[in-house]
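Below: the structure, in structure tokens.
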Amino acid sequence: MEKEKFLTDVKTLRQRARHHIDEGAVTSGYSADREMVLKLLNNSLATEIICVLRYRRHHFMARGMQSKSIANEFLVHSNQEQAHADQLAERIVQLGGEPNFSPEGLANRSHAEYVEGATLLDMIREDLVAERIAIDSYREIIQFLGNEDPTTRRLLESILAMEEEHADELADLLQDVPSDITTPPSAAIT
């Protein structure tokens, strides 16, 4: 039995491309719930922004004997989270939405929390918790999208891979940092 052809003829493709041309990349073949995808992407954008801010604070507040290399790692992660935010914002625009960068409600839209952490060990733990939250939320969104929006799914899969890498690096840092580091950065200055 021969497989049925599923490719659209060129004439139809050309006609559909001209129809609703103002919708840019979103064609009639887009089958996901665009409003829901935009909401999920904006929540993910808020998560990345919160992570950027938390990592930046941790970068500047890290103190102690082992803090220099850890602070540098926080900065690297912050820059990578900013790149994720930029990618998400770009995809939101491609789908005809508007990226929500408003500080109002940012923490409520974010999956991860903004927890400062009093010690270097606390900072690492809080960053690891946030990465684990991001990993689970991205996995769920990827599963939700399925094959309905492969471009967004691939974007989120690439971000998920980086978040897993971050979590692995932070777990390694937890192994290397002595558990007796309990002095908050502000109390270390006497």
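The values are calculated or read from the model by the stated rules, or taken from the named source; none is laboratory data. All of these numbers come straight from a predicted model, not from anything done at the bench. Because the Cβ atoms are built from the backbone with ideal geometry, glycine has one as well, and the counts that use them run over all protein chains shown.
Which pairs have Cβ atoms under 8 Å, sit 6 or more apart or on different chains, and link a residue in the range 55-67 that is in a loop (DSSP other than H, G, I, E, B) to one that is among the small types (Gly, Ala, Ser) and at pLDDT 95 or above?
Hits for this filter: 62/71.
Quick one: residue 114 ticks every box in (1) within 30 Å of residue 148 (Cα to Cα); (2) in contact with a Lys or Arg (Cβ under 7 Å, 6 or more places away or on another chain) except a single one, so which number is it?
Unmet condition: (1).
For a quick check of your reading of the model, give me the residue pairs whose first member lies in the range 144-165 and is loosely packed, with under 13 Cβ neighbours inside 10 Å, whose second is of a type in the set (Lys, Arg), with beta-carbon atoms closer than 8 Å and at least 6 apart or on different chains.
Qualifying pairs under 8 Å: 146/153; 147/153.
Is it the case that some residue within the range 112-131 is at pLDDT 95 or above and within 28 Å of residue 31 (Cβ to Cβ)?
no
Would you call residue 106 surrounded by fewer than 20 Cβ atoms within 10 Å (Cβ to Cβ) and either touching a Cys at 6+ places or on another chain (Cβ under 6 Å) or not β-branched (Val, Ile, Thr) (or both)?
Numbers: surrounded by fewer than 20 Cβ atoms within 10 Å (Cβ to Cβ): yes; either touching a Cys at 6+ places or on another chain (Cβ under 6 Å) or not β-branched (Val, Ile, Thr) (or both): yes.
Criteria met by residue 106.
Within the set of pairs 6 or more residues apart or between chains, which connect a residue that is in a helix (DSSP H, G or I) and of a type outside the set (D, E, K, R) inside the range 113-129 to a residue that is modelled with pLDDT of 95 or more and surrounded by fewer than 16 Cβ atoms within 10 Å (Cβ to Cβ) with Cβ atoms less than 7 Å apart?
Close Cβ pairs (under 7 Å, with a partner that is modelled with pLDDT of 95 or more and surrounded by fewer than 16 Cβ atoms within 10 Å (Cβ to Cβ)) amount to 128/171.
Taking the conditions exactly as written (touching a Lys or Arg at 6+ places or on another chain (Cβ under 7 Å), more than 18 Å from residue 129 (Cβ to Cβ), in a helix (DSSP H, G or I) and at pLDDT 95 or above), does residue 41 satisfy them or not?
So residue 41 passes the test.
Consider residue 31 carefully, then state whether it is in a helix (DSSP H, G or I) and among the hydroxyl-bearing types (Ser, Thr, Tyr).
Numbers: in a helix (DSSP H, G or I): no; among the hydroxyl-bearing types (Ser, Thr, Tyr): yes.
The answer is no for residue 31.
Among the residues of the range 90-100, is there at least one that is touching a residue at least 60 places away in the same chain (Cβ under 8 Å), within 17 Å of the chain's Cα centre (by Cα) and not in a helix (DSSP H, G or I)?
no
Among the residues of the range 5-19, is there at least one that is modelled with pLDDT under 95, touching an Asp or Glu at 6+ places or on another chain (Cβ under 6 Å), farther than 30 Å from residue 121 by Cα and assigned to a loop (DSSP other than H, G, I, E, B)?
First pass over the range 5-19, keeping only residues modelled with pLDDT under 95: 5-19.
Checking which are touching an Asp or Glu at 6+ places or on another chain (Cβ under 6 Å) leaves us with none.
No, the conditions are met nowhere in the range 5-19.
Evaluate the range 58-79: report whether one residue or more is among the basic types (Lys, Arg), modelled with pLDDT under 95 and either surrounded by fewer than 12 Cβ atoms within 10 Å (Cβ to Cβ) or within 24 Å of residue 140 (Cβ to Cβ) (or both). Spell out the reasoning first.
Restricting attention to the range 58-79, the residues satisfying the condition of being among the basic types (Lys, Arg) are 63, 68.
Subsequent filtering for residues that are modelled with pLDDT under 95 retains 63, 68.
Checking which are either surrounded by fewer than 12 Cβ atoms within 10 Å (Cβ to Cβ) or within 24 Å of residue 140 (Cβ to Cβ) (or both) leaves us with 68.
Taking every residue of the range 58-79 in turn, at least one turns out to be among the basic types (Lys, Arg), modelled with pLDDT under 95 and either surrounded by fewer than 12 Cβ atoms within 10 Å (Cβ to Cβ) or within 24 Å of residue 140 (Cβ to Cβ) (or both).
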